[in-house]
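So the structure is just underneath, and the comments pick up after that.
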Amino acid sequence: MHSLVLLRSERQQSFGTFFLRNRTEIGLMCRLLNERPQGAHVNLCVLACSKGAELYSILWAIRSSRPDLKLRVRAVDISQEILEFARAGVYTPLSRNPSSAMGPDDPTPGKDVIFNTWRDQNAPIFERVTDEELEMMCVVKDAQVSIREWLKEDITWVVGDAGTRAVIDAMGPQDMVIANRFLCHMKPENADRCLQNVAQLVRPGGYLFVSGVDLDVRARVAQRMGWEPVTEMIREVHDGDPSLLKGWPLEYWGLEPFSQDRADWKMRYASVFRLGQPAC
């Protein structure tokens, strides 16, 4: 059934996202960075950073667990408008979407913030965050939630297409690349080419996080390019975003259930890969 859905669906980009979208995935990022020595420099790139929710969630987790690391962060998105919204880091805490009832002359204060916070959302962007976590990440005042300044430090914001060589040349080698939840919106042949391009960002021995992608595409590219699947918490990371699981099998972005019965299960269900070997 899902194969038929993939054949017939019209794919389109979406800006829908959540803070702390996949807790296990973020926890694994922190776990892998624990291998770094005290005070190490780390180049980290988040592609398709969208509204900034996942970017700021990642930075909050890493900077809370390893404040000694010197992060150099690149945040990339194809949309100038949504990138500027992410850079501002101001959201609405509303639990219900009022934006659909707003007109172009609506006098509601913070109308643009409300609209962009709810853009493409089917649930509140802070749905998966506790009150305590929200307080640690943000300043909550009146009808707005603002990302704390220490989380916005050392971020370079880049408008660009992850499928182009220009982005690779502009970024330079990265220790960790996050390419999550945008490749599924591309046709398989385009996603294949884009994923190969993205892989060039990862320095030898670095890590590539790539979820929210057709599993056939990811497994095929990983096998062809000789990537090493990271099997630590493989099932937990695969199952970590409930919204993707709910989409199976009737949505093209729905996530196939984990099955260890498959001979290729490690390559197929790994969301994280180590690319190459570090230089001696």
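The values are calculated or read from the model by the stated rules, or taken from the named source; none is laboratory data. The structure presented is a predicted model; accordingly, all values stated were derived computationally and were not measured. All Cβ positions, glycine included, derive from the backbone under ideal geometry; neighbour counts span all protein chains shown.
Values for this structure:
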| quantity | calculated |
| --- | --- |
| Hey, C45 modelled with pLDDT of 95 or more and either over 19 Å from the mean Cα position of the chain (by Cα) or assigned to a loop (DSSP other than H, G, I, E, B) (or both) or not | no |
| Of all residues making up the range 19-42, the number that are in contact with a helix residue (DSSP H, G or I) (Cβ under 6 Å, 6 or more places away or on another chain) and assigned to a loop (DSSP other than H, G, I, E, B) | 3 |
| Selection from the range 48-90 of residues that are polar (S, T, N, Q) and either farther than 21 Å from S14 by Cβ or part of a helix (DSSP H, G or I) (or both) | S57, S64, S65, Q80 |
| Which numbered condition S65 fails, given (1) in contact with a strand residue (DSSP E or B) (Cβ under 8 Å, 6 or more places away or on another chain); (2) within 30 Å of G205 (Cβ to Cβ); (3) surrounded by fewer than 18 Cβ atoms within 10 Å (Cβ to Cβ); (4) of a type in the set (S, T, Y) | (1) |
| Tally, over the range 268-278, of residues that are over 20 Å from the mean Cα position of the chain (by Cα) and surrounded by 15 or more Cβ atoms within 10 Å (Cβ to Cβ) | 1 |
| Some residue of the range 164-185 being at positive phi, of a type in the set (G, A, S) and without any contact (Cβ under 8 Å) to a residue 60 or more places away in the chain | no |
| Within the range 199-240, tally of residues that are over 22 Å from T24 (Cα atoms) and small (G, A, S) | 2 |
